[in-house]
Amino acid sequence: MSVTFWGVRGSIACSGPDYVRYGGNTSCVEVEAGMHRVIFDAGTGLRPLGLKLVAQQTKTVDIFLSHTHFDHVCGWPFFAPAYDKGTRINLWSGHLHGSGLTTRSVMMRLMEAPLFPVAEDVFQADISYRDLDAQATLVPAPGLTLTAAPLNHPNGATGYRLTFGSRSLVYASDHEHQGTEPLPSLLKLAQGADLLIYDATYSPEAYPAHAGWGHSTWEEGLRLAIRAKARALALFHHEPSHTDDMLAKLENTAKRAGAKHGIKVFAAREGVTVRV
């Protein structure tokens, strides 16, 4: 599998000279597994990814949302393949069970007046809005297995493990640790993963002032990676006030800590592709 980071920022998109090296678009990760394409989250990074997919004439896409907070869905109305009549898009979420809401009802609200100038019926693609159980296992395409697990986040969120052949990656954005022991369901999800993409919004020093906000730190990500015996850890969902220099310092500290346990640690950067 190859993994490309199209948006690595959390909460709100950022621009300017302090956000050049790591990027300012919000959460969006593309996974290419053989002939299959899977996308995690639909933040502002979804817009440039969509332009690439149209140029490549990609006709089938699965998008799995961690949740529907605005920074994770605001790229959806600007996703070029949604306007292509020959494209099929499956849009999934797993955090809405019991809320009385569905993936379709929430996503359609993004394009309702007076918040947006045109309605969802401008889309030309064949779009399926799908709700999955937060602990489901499914096969989105031949040879691909996706397993979900609930995360600890206000209004709910879902983590995903994607397996292709002997390789696996885990996407765990928007999760807050509780104490020093990893959430059992997340620990099981991350077990033996080749790559763990983890919410590292706050520095360990800043976290106490934001407890209860639904986010975590690089230290907790590394603790999970060690317990799960993951091979690599990507720090993700960067806090919007974290400039390039701040993230570089944090990344270097986390890298040194990870090396002591034989785990490759890096901060996710927009536009970078890694092999799994």
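The values are calculated or read from the model by the stated rules, or taken from the named source; none is laboratory data. Values in this document were obtained by computation on a predicted structure and should not be read as measured data. Heads up, the Cβs are rebuilt from the backbone with ideal geometry, glycines too, and the neighbour counts pull from every protein chain shown.
What to note about this one:
- The residues in the stretch 141-152 that are touching a residue at least 24 places away in the same chain (Cβ under 8 Å) and either assigned to a strand (DSSP E or B) or under 17 Å from the mean Cα position of the chain (by Cα) (or both) can be counted, and the count is 8.
- Number of residues in the stretch 10-55 that are more than 27 Å from residue 163 (Cβ to Cβ) and assigned to a strand (DSSP E or B) equals 0.
Here is a yes/no grid of residues against (1) part of a loop (DSSP other than H, G, I, E, B); (2) modelled with pLDDT of 95 or more; (3) closer than 19 Å to residue 72 by Cβ; (4) in contact with a helix residue (DSSP H, G or I) (Cβ under 8 Å, 6 or more places away or on another chain):
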residue: 220; (1), (2), (3), (4): no, yes, no, no
residue: 234; (1), (2), (3), (4): no, yes, yes, no
residue: 246; (1), (2), (3), (4): no, yes, no, no
residue: 250; (1), (2), (3), (4): no, yes, no, yes
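- Residue 168 meets each of the listed conditions (1) of a type in the set (Ser, Thr, Tyr); (2) surrounded by fewer than 21 Cβ atoms within 10 Å (Cβ to Cβ); (3) over 14 Å from residue 92 (Cβ atoms); (4) at pLDDT 95 or above apart from (2).
- Members of the stretch 227-271 that are of a type in the set (A, V, I, L, M), surrounded by 15 or more Cβ atoms within 10 Å (Cβ to Cβ) and under 17 Å from residue 19 (Cβ atoms): 235, 246, 247, 250, 267, 268
- Among residues of the stretch 96-110 that are farther than 19 Å from residue 148 by Cα, those with a Cβ under 7 angstrom from a residue that is assigned to a helix (DSSP H, G or I) and modelled with pLDDT under 95, sequence gap 6+ or separate chain, pair up as 108/120.
- Residues of the stretch 217-249 classified as aliphatic (A, V, I, L, M) and within 17 Å of residue 270 (Cβ to Cβ), total: 5
- For the stretch 92-104, the criterion of being surrounded by 14 or more Cβ atoms within 10 Å (Cβ to Cβ), hydrophobic (A, V, I, L, M, F, W, C) and in a helix (DSSP H, G or I) is met by none of the residues.
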